[in-house]
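The values are calculated or read from the model by the stated rules, or taken from the named source; none is laboratory data. From a predicted model like this one, the values you see are computed outputs, not experimental measurements. Here the Cβ is made from the backbone with ideal geometry for all residues, glycine too, and neighbour counts use every protein chain on show.
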């Protein structure tokens, strides 16, 4: 076997720790690895592929539920039974590091990767969501990143042909040089037609299909598992390049394949390319593979074995074909003008052997490479940061209540975190596939029409990272609760979760504490809301370079949730529909402005506790709301979130340009009433005729609510005073972000 | 009437179109593959939206060389009906079955939105169920939708009543502010001189299902149905 004398120093350069190097030698039964083998371990044991610093805690999350067809880690994405013989595959993934240095390609390939995870299972992607975080929007760097990311997501997804049904965009200076780009895809598949990511059956041929392999993205997984720094631009070749046209062809060919019985399994090639797909599929089936790298179609001459193995060229799949069906499989890929080449065979045992020019270039036991097998698992040191206790010393009394609520409202509506994201959303095709039920009837979650059925799927992504930062445990529970609230407001029942955990350096004890506590909060909430975690992604090492050193991003455990709408007549809009309807706050007003956008932006207070949150009350409120909707008593429902009650009311007004008149509540500060972000509250509109039934229902169920006003006119009125015309406020809401970005 | 919907590599609205024609309108539909050499008896051929060949050279520029386009051109020349939506419209212009060209939006950005269209003529197979000047709401989704033609070309289109739709606002106002992408004369859709080939950038198939809360686009398919039933 060829060897170019690697040693511990080389290993370190590849990101392998000394202790890990010794472990590799142990796995190879005392033999020192050659450079190719070392490179393979480097990517497979990178944070990105191995979850070595997170898996211990991820395993504590609830992972079972009555509707789950695949548990976390079993397949490329979570799979939920939605009835009528259909299943829903869904997953969220980050592409933060590539997007930080090449926003267009970084974001584009993020969209490509997450969709491949869905259609490699045989599911057709039907909806896309994304959760984006950027720095201060007035900075030129932020504008460049934002424009690039948005164009990347748009160009890839629009061409590939999957509509964007939801998402969030949040600005905070902690993301100045390290934006977060989390993409979620949701697909639908006939229950019997799913494809597994497994290899078995000695002698079965192994094929590579799709694009040719180039030198892009080599060591990308390793790159994503280190700190972003000022020299990260030098890592540009570690970023992959996307081709949505190839992906579209690969989708159609893969789904044709899913309808047949020609294959054993299939897995997409994401991080660590051929290495990752061959080892994971082999490990899962308890087999090995012999792979001839000379047979891999390449984009350029003279690629070295390790380059072919580690290339993260996009739009490729590994397919294990049932022996005897090679021609049938090739025919399908020929039809779509795609490469389809046999590169190896499944072997007995668990050894992966890679050959080039008739030489064995690497030989390793498959199970030593992967998560759950021989990959290392760590429990890092963690420590509560001082700010956590400091935040608790904040009291509302330290903030003087402003007199001019009209001015505060105008200020709030124009804030980048509150203003409409229309300028961004319009660049995404949100209607291809003709399944988006929310275009003309917006609701809190995106609603996916299941054609020729009375069912629909509700989808959402949520995370208020400011809450998570100040109190990771409570903040992350809130993220789950808010996602569930959005689904319930739309008329759905929360079903399952996929998570994307974006944190700082795990070797920083304070950043690791944020991670550990957030997972704890996530687990508790997922348990409470009966929404098991089906999988997702962890992205550590997210931090922004400042002149005072590196600052971790706000801890951002993005929650992607799907819910089931069993009867389309339950779908509930967020907009006010009829003048004269009562406006009701389901839940209770609190004298609370903690961690609100109002406190942060208007009063410039950076640190305060998480807003009021009581998980049992929240669950009870959501449960009641589901029943009220099913009873047909609710005309609109919109959850109180960023910006508080006032912003919620305005958003309900914008849809059909109808105003409102409300009264504030004695004993609650007016700024807290209007702009506080206490959780567990939803704004409803209810017909006057239905109010008695509504009231009775809530009383019988011990559900607190407040009748705060009515839907009326074309102006926003608080305690008899005009706050402004809906038309005027809507204009500010619609144009503010665009003005900042294009300035 | 038997419809044929062509799938080019990169088409992504073909299934949406088939769903509307077949399941909502009840027409007979055959699926045509770009490598086919025969229209399988289709009397009305639809080129759907999408990104044929990735739109890499210029939208529609490569698709016009697909084998099936020979059949489409022959079919059109014999007076057969052909309609292109979005990318299909771009392909028909590239194939010179429709005059003019579609350039990058003047915003230089892809735009997906509900837009209002003012019916410029009801004298066509695809607009006869609409009144002249009737305003309908139909979604668009394109980066290259700015209709361009030289001055004589535009005059010829206008003189011969070949403009089908113009971008406008909810009240039917047609001006620069309501011009979505910078198209000359706010043109959103046209027909040829023989009035058997149609092209439009907006997607009527995205506004034809009651589940989606807007069925304005259905008028276009009803227009075809009217003509067939006569």
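Name the strands (runs of 3 or more DSSP E) wholly inside region A:549-631 in which the number of residues that are at pLDDT below 95 is 3 or more.
On the way: elements: A:549-552, A:556-565, A:582-586.
It comes to A:549-552.
Only one of these is modelled with pLDDT under 90 and out of contact with any helix residue (DSSP H, G or I) (no Cβ under 9 Å at 6 or more places or on another chain): A:15, A:65. Name it. I'd like the intermediate steps shown before the answer.
Numbers: A:15 fails: out of contact with any helix residue (DSSP H, G or I) (no Cβ under 9 Å at 6 or more places or on another chain).
Just a single option satisfies the conditions, and that option is A:65.
Given the structure, is residue A:200 more than 14 Å from chain B (Cβ to nearest Cβ) and under 26 Å from residue A:445 (Cβ atoms)? Don't jump to the end; show me each part of the working.
Numbers: more than 14 Å from chain B (Cβ to nearest Cβ): yes; under 26 Å from residue A:445 (Cβ atoms): no.
No: the conditions fail for residue A:200.
Take the residues in region A:423-454 that are outside any loop (DSSP other than H, G, I, E, B) and over 20 Å from the mean Cα position of the chain (by Cα), then tell me which one is farthest from the other protein chains (Cβ to nearest Cβ).
The residue in question is A:423.
How many residues are in a loop (DSSP other than H, G, I, E, B) and either free of Cβ contacts under 8 Å to residues at least 24 places away in the same chain or under 24 Å from the mean Cα position of the chain (by Cα) (or both) if we restrict to region A:182-203?
Of all residues in region A:182-203, those in a loop (DSSP other than H, G, I, E, B) come to A:194-203.
Those left that are additionally either free of Cβ contacts under 8 Å to residues at least 24 places away in the same chain or under 24 Å from the mean Cα position of the chain (by Cα) (or both): A:194-197.
Counting residues in region A:182-203 that are in a loop (DSSP other than H, G, I, E, B) and either free of Cβ contacts under 8 Å to residues at least 24 places away in the same chain or under 24 Å from the mean Cα position of the chain (by Cα) (or both) gives 4.
Tally time: how many residues in region B:130-149 are outside any loop (DSSP other than H, G, I, E, B) and more than 14 Å from chain A (Cβ to nearest Cβ)?
So the first thing to find is which residues in region B:130-149 are outside any loop (DSSP other than H, G, I, E, B), and the list is B:135-142, B:146-148.
Going one step further and asking which of them are more than 14 Å from chain A (Cβ to nearest Cβ), we end up with B:135, B:146-148.
Number of matching residues: 4.
State whether the residues of region A:169-176 include one that is away from every other protein chain (no Cβ under 14 Å), assigned to a helix (DSSP H, G or I) and surrounded by fewer than 23 Cβ atoms within 10 Å (Cβ to Cβ).
Here is the first cut: in region A:169-176, the ones away from every other protein chain (no Cβ under 14 Å) are A:169-176.
Okay, now just the ones that are also assigned to a helix (DSSP H, G or I), so A:173-175.
Narrowing further to those that are surrounded by fewer than 23 Cβ atoms within 10 Å (Cβ to Cβ): A:173.
Scanning region A:169-176 turns up at least one residue that is away from every other protein chain (no Cβ under 14 Å), assigned to a helix (DSSP H, G or I) and surrounded by fewer than 23 Cβ atoms within 10 Å (Cβ to Cβ).
Can you tell me which residues in region B:188-218 are within 12 Å of residue B:116 (Cα to Cα) and more than 14 Å from chain A (Cβ to nearest Cβ)?
Result: B:188, single match.
Need the failing condition index for residue B:74 against (1) crowded, with 24+ Cβ neighbours inside 10 Å; (2) more than 14 Å from chain A (Cβ to nearest Cβ); (3) part of a helix (DSSP H, G or I), just the number.
(1)
Among the residues of region B:40-52, which ones are in contact with a helix residue (DSSP H, G or I) (Cβ under 6 Å, 6 or more places away or on another chain) and surrounded by fewer than 20 Cβ atoms within 10 Å (Cβ to Cβ)? Show your work before the answer.
Of all residues in region B:40-52, those in contact with a helix residue (DSSP H, G or I) (Cβ under 6 Å, 6 or more places away or on another chain) come to B:45-52.
Scanning region B:40-52 gives no hits.
Which ones in region A:322-336 are within 13 Å of chain B (Cβ to nearest Cβ) and assigned to a loop (DSSP other than H, G, I, E, B)?
Passing the criteria: only A:336.
Can you pull out every residue in region B:22-63 that is on the phi > 0 side of the Ramachandran plot and assigned to a strand (DSSP E or B)?
Of everything in region B:22-63, just one residue is on the phi > 0 side of the Ramachandran plot and assigned to a strand (DSSP E or B), namely B:50.
I'm checking my understanding of the structure. Among residues of region A:256-285 that are assigned to a loop (DSSP other than H, G, I, E, B) and modelled with pLDDT under 95, which one is surrounded by the most Cβ atoms within 10 Å (Cβ to Cβ)?
Taking the candidates together, the pick is A:272.
I'm checking my understanding of the structure. Among residues of region A:72-89 that are touching a strand residue (DSSP E or B) at 6+ places or on another chain (Cβ under 7 Å) and not in a strand (DSSP E or B), which one is farthest from residue A:503 (Cα to Cα)? Can you show your working first?
Our first condition is that a residue be touching a strand residue (DSSP E or B) at 6+ places or on another chain (Cβ under 7 Å); within region A:72-89, this holds for A:72-73, A:76-82, A:85-89.
Subsequent filtering for residues that are not in a strand (DSSP E or B) retains A:72-73, A:76-77, A:85.
Values: A:72: 20, A:73: 20, A:76: 22, A:77: 22, A:85: 38 Å.
Once the filter is applied, the top-ranked residue is A:85.
Only one of (1) within 11 Å of another protein chain (Cβ to nearest Cβ); (2) within 18 Å of the chain's Cα centre (by Cα); (3) within 21 Å of residue A:253 (Cβ to Cβ) is not met by residue B:63, so which one is it?
(1)
Anything in region B:39-60 that is away from every other protein chain (no Cβ under 11 Å) and at pLDDT below 95? List them, or say none. Steps first, answer last, please.
Initially, region B:39-60 is screened for residues away from every other protein chain (no Cβ under 11 Å), giving B:39-47, B:57-58, B:60.
Across region B:39-60, the qualifying residues are B:57, B:58, B:60.
What number of residues in region B:6-31 are touching a helix residue (DSSP H, G or I) at 6+ places or on another chain (Cβ under 7 Å) and more than 14 Å from chain A (Cβ to nearest Cβ)?
3
Looking at region B:78-117, which of the residues that are in a strand (DSSP E or B) and surrounded by fewer than 23 Cβ atoms within 10 Å (Cβ to Cβ) is farthest from the other protein chains (Cβ to nearest Cβ)?
It comes out as B:81.
Select, from A:400, A:451, A:426, A:421, the only residue that is free of Cβ contacts under 8 Å to residues at least 40 places away in the same chain and under 21 Å from residue A:181 (Cβ atoms). Lay out the reasoning, then the answer.
Working: A:400 fails: under 21 Å from residue A:181 (Cβ atoms); A:451 fails: under 21 Å from residue A:181 (Cβ atoms); A:421 fails: free of Cβ contacts under 8 Å to residues at least 40 places away in the same chain.
Testing whether each residue is free of Cβ contacts under 8 Å to residues at least 40 places away in the same chain and under 21 Å from residue A:181 (Cβ atoms) leaves just A:426.
Hey, among the residues in region A:386-401 that are touching a helix residue (DSSP H, G or I) at 6+ places or on another chain (Cβ under 8 Å) and buried (at least 16 other Cβ atoms within 10 Å of the Cβ), which one's nearest to residue A:724 (Cα to Cα)?
Taking the candidates together, the pick is A:399.
Evaluate the following for residue B:127: is it in contact with a helix residue (DSSP H, G or I) (Cβ under 7 Å, 6 or more places away or on another chain) and more than 14 Å from every other protein chain (Cβ to nearest Cβ)? Working first, answer last.
Working: in contact with a helix residue (DSSP H, G or I) (Cβ under 7 Å, 6 or more places away or on another chain): yes; more than 14 Å from every other protein chain (Cβ to nearest Cβ): yes.
In short, yes.
Report the residue count in region A:679-697 for those that are touching a residue at least 40 places away in the same chain (Cβ under 8 Å) and farther than 23 Å from residue A:443 by Cα.
Let us first name the residues in region A:679-697 that are touching a residue at least 40 places away in the same chain (Cβ under 8 Å), namely A:679-688, A:690-691, A:693-694, A:697.
After this cut, where a residue has to be farther than 23 Å from residue A:443 by Cα as well, the list is A:693, A:697.
Going through region A:679-697 one residue at a time, the tally reaches 2.
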